[in-house]
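Below: the structure, in structure tokens.
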Amino acid sequence: MSDSDAVAAKKLSKSYRDIRALDELSFAVARGEMYIIVGPDGAGKSTLLRILAGILPFESGEVRVFENRYPGDEEKSKLDLGYMPQRFGLYEDLTVQENLKFFYRLYNLPRKNRDDVFARMYKFSGLEQFKKRLAGALSGGMKQKLGLSCVLLHEPSLLLLDEPTNGVDPYSRRIFWNILNEFKEQGMTIVVATPFMDEAERGDKVLLMMDGHELASGTPSEIKALWTESLYQAPCRDSREAKSILDDSRMVKSSILFGNKIHFVPESEEQVERIKNLLENKSLLSGEIQRIEPELEDLFISLVTDE
């Protein structure tokens, strides 16, 4: 745990009765870094962010957020961070502007600066034209931008976001990430928990989690470099049927669905031509089989399978 890091944890453990949510997890986030925590439901992502936010106790291990150490300095750390949980507590019967005013008062911020702060929030969020609209009448993407605005009112140095794009349409997801990148470029440290592997590619560093522990961590390139197999992609007319046939054929070590494509690892290079012929004979192949570089999702599933 280096003092130069914005966030650090060492052998962090947390249990809910007989469920081990975090199991001696260690990691560090550098100042100004975009750090992405990726894993399925139940991996421990939300538990981890709640601990970092200083609102959930833990059984053992060490946690530091900037100069603040847990347990003990949780209240002091809240001055430095903004935390947006999965279901951020917007008041749907208040307007956009009324929500901002409420959270501004909650942070006990000086009234004389309020108009300037709101102007900055409206500028990045694009919500000024909707400031008199009830929060409950906003789209999913707008609600997320309003939630982000509320947690940024006190200008934190660290931003903790728990699945911020879950349930948001693809266009709004892209806009949201563009906003986060702008804040990162201004020097903010950002930690994002997400179930979406494609969002992990946006991080400076990535932590892959499963059942409360680390599967792999590092830059996206470093994690992909852990892949040692030959990987192929087959475009198919019915990818689910094609995957079932491949899995039963004993010609592949593993296969993963990617929309209308299948990523597969052949048992040997000689099997690739046989796989092609098999899928063509079943009228399932809709294009050329190609050798490809792995995506993070390929590696994640491979690591989970190996466990």
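What the table shows:
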quantity: Anchor LYS112: aspartates and glutamates whose Cα lies under 19 Å away (excluding residues fewer than 8 positions away in-chain); calculated: GLU98, GLU155
quantity: Antiparallel %, DSSP beta bridges [both residues in the chain], to 5; calculated: 65 percent
quantity: FRET efficiency for ARG111 and ILE55, using Cβ-Cβ distance with R0 set to 30 Å, rounded to 0.05; calculated: 0.65
quantity: FRET E, pair ASN178, THR219, Förster distance 25 Å, beta-carbon r, rounded to 0.05; calculated: 0.75
quantity: For the chain, built as a Gaussian network whose Cα springs stay under 10 Å, the top-fluctuating residue of VAL151, VAL252, VAL38; calculated: VAL252
quantity: Long-range HN-HN contacts of LEU207 with modeled amide H, under 5 Å; calculated: ILE36, ILE37, VAL38
quantity: Farthest positive-ward along the chain dipole, Cα basis, beta-carbon charges - from GLY167, ASN281, VAL38; calculated: GLY167
quantity: Stretch gain in nm, segment SER249-LYS123, where the contour uses 0.36 nm per residue and the Cα spacing is subtracted; calculated: 39.7 nm
quantity: Under 21 Å from LYS132, Cα to Cα: lysines that are on another chain or at least 8 residues apart; calculated: LYS101, LYS123, LYS143, LYS145
quantity: Note, ³J(HN,Hα) from phi for the stretch 71-76, Karplus 6.51, -1.76, 1.60, rounded to Hz, x at Gly and Pro; calculated: x, x, 10, 4, 5, 5
quantity: At most 15 other Cβ within 10 Å, DSSP loop - trypsin sites (Lys or Arg not before Pro), the stretch 211-254; calculated: ARG237, ARG250
quantity: Per-residue ³J(HN,Hα) for the stretch 7-13, Karplus 6.51 cos²θ - 1.76 cosθ + 1.60, θ = phi - 60°, Hz, x for Gly and Pro; calculated: 9, 8, 9, 9, 6, 7, 10
quantity: DSSP bridge orientation in the stretch 13-172 - percent antiparallel, rounded to nearest 5; calculated: 65 percent
quantity: ³J(HN,Hα), Karplus 6.51/-1.76/1.60, whole Hz, each residue of the stretch 289-296, x for Gly, Pro; calculated: 6, 10, 7, 9, 7, x, 9, 4
quantity: Interchain or long-range residues, amide H under 5 Å from SER254's placed H; calculated: VAL265
quantity: Calculated FRET value between GLU75 and ARG291, using beta carbons and R₀ = 51 Å, to 0.05; calculated: 0.40
quantity: 23 Å Cα-Cα threshold exceeded, pairs from LYS45/LYS243; LYS10/LYS76; LYS76/LYS205; LYS10/LYS205; LYS14/LYS78; calculated: LYS45/LYS243; LYS76/LYS205
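Laboratory data are not the source of any read-out in this text; all were calculated from the coordinates shown. Treat the numbers as computed from the prediction; the structure is a model and nothing was measured. Ideal geometry is used to build each Cβ from the backbone, glycine not excepted, and the neighbour counts take in all protein chains shown.
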